[in-house]
Amino acid sequence: KFYQHATTEASQATLASVSPVFAVVKLDKEGNTTYFEKKKTELYQELGLQARDLRFQHLMSIATRNNRIIMRVEFLKAVITPEFLLILDYRNLNLEHWLYNELASQLAGEGQLVTYSLPFEFRAIEAILQYRISKLQGRLNTLQPQILETLEALVDPKLLSVDRSKLHILLQNGKSLSELETDLKVFKETILEILDEEELIEELCLSKWTDPQVFEESTSGIDHAEEMELLLENYYRQAEDLANEARELRVLIDDSESIIFINLDSHRNVMMRLNLQLTMGTFSLSLFGLIGVAFGMNLESSLEEDPRIFWLVTGIMFLGSGLIWRRLLSFLGRHLEPPLPPHVPAVLKKSQPAGRVEIKNNLKAETFGLSRSTLTNQ
């Protein structure tokens, strides 16, 4: 027994020595801030939690355990109680400005939070969700002008080639936009999971179950669960608006890529057409150059004695080459013309709704209006 007891104490001492130490910021209802460091084992024992509750991952989640709200918002880790808010492991996260200047004042009621009249956990949840939405909004505001400026430079029909540096910038911005869309999707799914479960919403109202007076007020007309649902729906709607803006940027990038491909195809067709014309001209000159080759042979005839024969043969060569080249160009033009649209009977034209024709014309005008000159060249 003594050996087992000594082994147990040694193992506990070893676990305590390797246990991570959290840098904790504690904020109470009045906005007072306290900083301290505490080991993970001591922290979850004081909070009445388990070790897995403080095993934070870089994903967003909102859960309740033992009358505590555990929030994981990417790198931000928080534990909310009815009396105070704990921000865990805040070092190297650039959270000092938010902690010092914004969060404390918001929890004390000096900010613009709409949940100041409600219990403390409402203010804490709203402050953290507001911080997350503002970060996502800031990332979108940074990406949007960069993407629009890059697309405007790439879609210009006057450019004969595409700037590779602009394409590299567009690729980086596209990756950043994809990451933003993923973060917005995770944010919405996390809140939607809570909104779909009434029990989870009830569990988030900590003061409703710990303070009898608050519970009596809630039963007399102020339903805290409805207030919590409205709070989460508000931030879900804001995330949905940001997702729509990001989706519009994604559609704009895809449309611009189509226009870029059309421009490149048009320039490639022009170069191929020019190459084909030069090839036909070279063929024409080579064909009638056989006459000059025949006269350049070391054979004697009576024609070389007449000085006018040289100009006659040269004129015949150039005139014949030009005529053959023109015939080849006309043949090329006939075969490269776009086919005529199929004939539509008059009955079908009359039966087609006028509104649908107008919609199609508008869509065509909007789609091909930016690259009209490019399509004409093609």
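The values are calculated or read from the model by the stated rules, or taken from the named source; none is laboratory data. A quick note: this is a predicted structure, and the numbers were derived from the prediction, not measured. We place every Cβ from the backbone using ideal geometry, glycine too, and count neighbours over all the protein chains shown. Surface accessibility is based on the protein's heavy atoms, side chains included, excluding ligands, DNA and RNA. Shrake-Rupley method; radii C 1.70, N 1.55, O 1.52, S 1.80 Å.
The single condition among (1) farther than 27 Å from Leu328 by Cα; (2) of a type outside the set (Val, Ile, Thr); (3) buried (at least 16 other Cβ atoms within 10 Å of the Cβ) that Met280 does not satisfy is (1). Output the number of residues of segment 317-331 satisfying the condition of being in contact (Cβ under 8 Å) with a residue 24 or more places away in the chain and open to solvent by less than 80 Å² (accessible area, probe 1.4 Å). Qualifying residue count, segment 317-331: 7.
Tally up the residues in segment 37-50 that are of a type in the set (Phe, Trp, Tyr) and over 39 Å from the mean Cα position of the chain (by Cα), please. Outline the logic, then answer.
Our first condition is that a residue be of a type in the set (Phe, Trp, Tyr); within segment 37-50, this holds for 44.
Now restrict to residues that are over 39 Å from the mean Cα position of the chain (by Cα): none.
Qualifying residue count, segment 37-50: 0.
Of all the criteria given as (1) in a helix (DSSP H, G or I); (2) modelled with pLDDT under 80, the one not satisfied by Glu229 is (2). Entry remark, segment 165-184: residues being in contact (Cβ under 8 Å) with a residue 40 or more places away in the chain and surrounded by fewer than 13 Cβ atoms within 10 Å (Cβ to Cβ) number 0 in total.
Filtering segment 77-110 down to residues that are aliphatic (A, V, I, L, M) and open to solvent by 10 Å² or more (accessible area, probe 1.4 Å), which residue is farthest from Leu206 (Cα to Cα)?
Within segment 77-110, the match that is farthest from Leu206 (Cα to Cα) is Leu93.
In the set Lys166, Lys158, only one residue is at pLDDT below 90, charged (D, E, K, R) and outside any helix (DSSP H, G or I); that residue is Lys158. Scanning segment 1-30 for residues being over 15 Å from Asp89 (Cβ atoms) and at pLDDT below 80 gives a total of 18.
Within the bounds of segment 250-266, is there any residue that is assigned to a helix (DSSP H, G or I), under 30 Å from Leu195 (Cα atoms) and modelled with pLDDT of 80 or more? Before you say what the answer is, go through the steps one by one.
Initially, segment 250-266 is screened for residues assigned to a helix (DSSP H, G or I), giving 250-266.
Going one step further and asking which of them are under 30 Å from Leu195 (Cα atoms), we end up with 250-251.
Filter once more, keeping what is modelled with pLDDT of 80 or more: 250-251.
Checked against the condition, which is being assigned to a helix (DSSP H, G or I), under 30 Å from Leu195 (Cα atoms) and modelled with pLDDT of 80 or more, segment 250-266 yields at least one hit.
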